[in-house]
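Trainee: Structure incoming, see below.
The values are calculated or read from the model by the stated rules, or taken from the named source; none is laboratory data. Quantities reported herein were computed from a predicted structural model and do not represent experimental measurements. So basically every Cβ, Gly included, is an ideal-geometry build from the backbone, and we count neighbours across all protein chains shown. Ligands, DNA and RNA are excluded from the accessible area calculation, which covers all protein heavy atoms including side chains. Shrake-Rupley method; radii C 1.70, N 1.55, O 1.52, S 1.80 Å.
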Amino acid sequence: MKRRVAREIVVQSLYQMEMNEVDSMEAVSMLLSEAAEENETERVIGDEVQMKEYVLQLVNGTWESKDSIDELLAHYLKGWQVSRLSRVDRQILRLAVYELTYREDVPGKVAVNEAIELSKHFGTEESGKFVNGVLGRMIQELDQVKVKLRQS
């Protein structure tokens, strides 16, 4: 299973959930079946069951934690509001913050680098720099951020 592909599907699923008000299972199933059928994005999905399980963990964890994630993001968005971000950038940042703060299996630098790559792939020309700036500030204070989140 390729985690990069999983993260792409997670971002797309979160986007679908926010735009179309579908649940995680519906969003993930739809995207996985599209990826398996069309494969026009050059995705290789080896073990679909394992992929679906991993993607659902990330989607559900991110979605269930989005209020605390958005509150945390608001602190690092200098001159921006979470609600004013593009939907794509918002989902990418939410996933990255979830991986940084709630997941022990993803090193911080990997979460940041993956978010930057996703933003370059899905976002605008400036998205990569923007995501890097926000997450770069956050990762410097990551230990304090984790403690704060666990207390709330």
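Trainee: Rounded to two decimals, what ratio of Rg to Rh does the stretch 3-150 give with C-alpha atoms and a Kirkwood Rh? Walk me through the numbers before you get to the answer.
Mentor: Numbers: Rg = 14.6 Å, Rh = 15.4 Å.
Taking Rh as the inverse mean 1/r over Cα pairs, Rg/Rh reads 0.95.
Trainee: Please report, as a whole percent, how much of the solvent-accessible surface of the stretch 3-150 comes from carbon and sulfur atoms (probe radius 1.4 Å). Mind showing how you got there, number by number?
Mentor: Values: 3650 of 7970 Å².
Exposed carbon and sulfur together represent 46 percent of the surface.
Trainee: In percent, how large is the relative contact order of the chain, given Cα pairs closer than 8 Å and 6 or more residues apart? Working shown, then result.
Mentor: Working: 136 pairs, mean separation 31.7, N = 152.
So the answer I get is 21 percent.
Trainee: If you count only protein heavy atoms with a 1.4 Å probe, what accessible area per residue comes out for the stretch 3-150, rounded to a whole Å²? Write down the numbers at each step before the final one.
Mentor: Values: 7970 Å² over 148 residues.
It amounts to 54 Å² per residue over the stretch 3-150.
Trainee: What shape does the stretch 80-152 have by the C-alpha gyration tensor, where a ≥ b ≥ c are the square roots of the eigenvalues, rounded means a/c under 1.5, and otherwise prolate means a/b greater than b/c and oblate the rest? If you can, show how the numbers build up before the last one.
Mentor: Details: a/c = 2.02, a/b = 1.55, b/c = 1.31.
Because a/c hits 1.5 or more and a/b exceeds b/c, the stretch 80-152 counts as prolate.
Trainee: Further question: Helix-derived [θ] at 222 nm for the chain: sum -39500 (n - 2.57) over DSSP H runs of at least 4, divide by residue count, nearest 500? Intermediate results must be reported in sequence, preceding the final value.
Mentor: Details: 8 runs with 116 residues, N = 152.
Rounded to the nearest 500, it is -25000 deg cm²/dmol.
Trainee: On a 0 to 90 degree scale, rounded to 10, what angle separates helix 142-151 from the longest Cα axis of the chain?
Mentor: Once rounded, the angle reads 90 degrees.
Trainee: Under 10 Å, Cα contacts only: if you run a Gaussian network model on the chain, which one of 11, 88, 22 comes out with the highest mean-square fluctuation?
Mentor: 22
Trainee: Give me the angle, in degrees from 0 to 90, between the Cα long axis of helix 3-20 and the longest principal axis of the Cα atoms of the chain, rounded to the nearest 10.
Mentor: Between the helix axis and the principal axis of the chain, the angle is about 80 degrees.
Trainee: Let me ask something else about it. Towards the positive end of the charge dipole of the chain, with charges on Cβ (+1 Lys, Arg; -1 Asp, Glu), say which of 35, 130, 91 has the farthest Cα.
Mentor: Value: 130.
Trainee: Each residue of the stretch 30-35 in turn: what ³J(HN,Hα) in whole Hz from Karplus with 6.51, -1.76, 1.60 and θ = phi - 60°, glycine and Pro shown as x?
Mentor: Listing the rounded values in order: 4, 5, 5, 5, 4, 5 Hz.
Trainee: Students often get this wrong, so check it: of 52/129; 52/146; 2/129; 78/129; 66/146, which have C-alpha atoms separated by over 19 Å?
Mentor: Working: 52/129 30 Å; 52/146 27 Å; 2/129 24 Å; 78/129 14 Å; 66/146 15 Å.
Over 19 Å apart, Cα to Cα: 52/129; 52/146; 2/129.
Trainee: Using each residue's phi in the stretch 101-118, evaluate 6.51 cos²θ - 1.76 cosθ + 1.60 at θ = phi - 60° and report the 3J(HN,Hα) Karplus result to the nearest Hz, with x for Gly and Pro.
Mentor: Once rounded to whole Hz, the list reads 9, 10, 10, 8, 8, 10, x, x, 5, 5, 4, 5, 4, 5, 5, 4, 5, 4.
Trainee: Okay, next question. Against the longest principal axis of the chain, how steep is helix 66-76, in degrees 0 to 90 to the nearest 10, with axes from Cα atoms?
Mentor: 50
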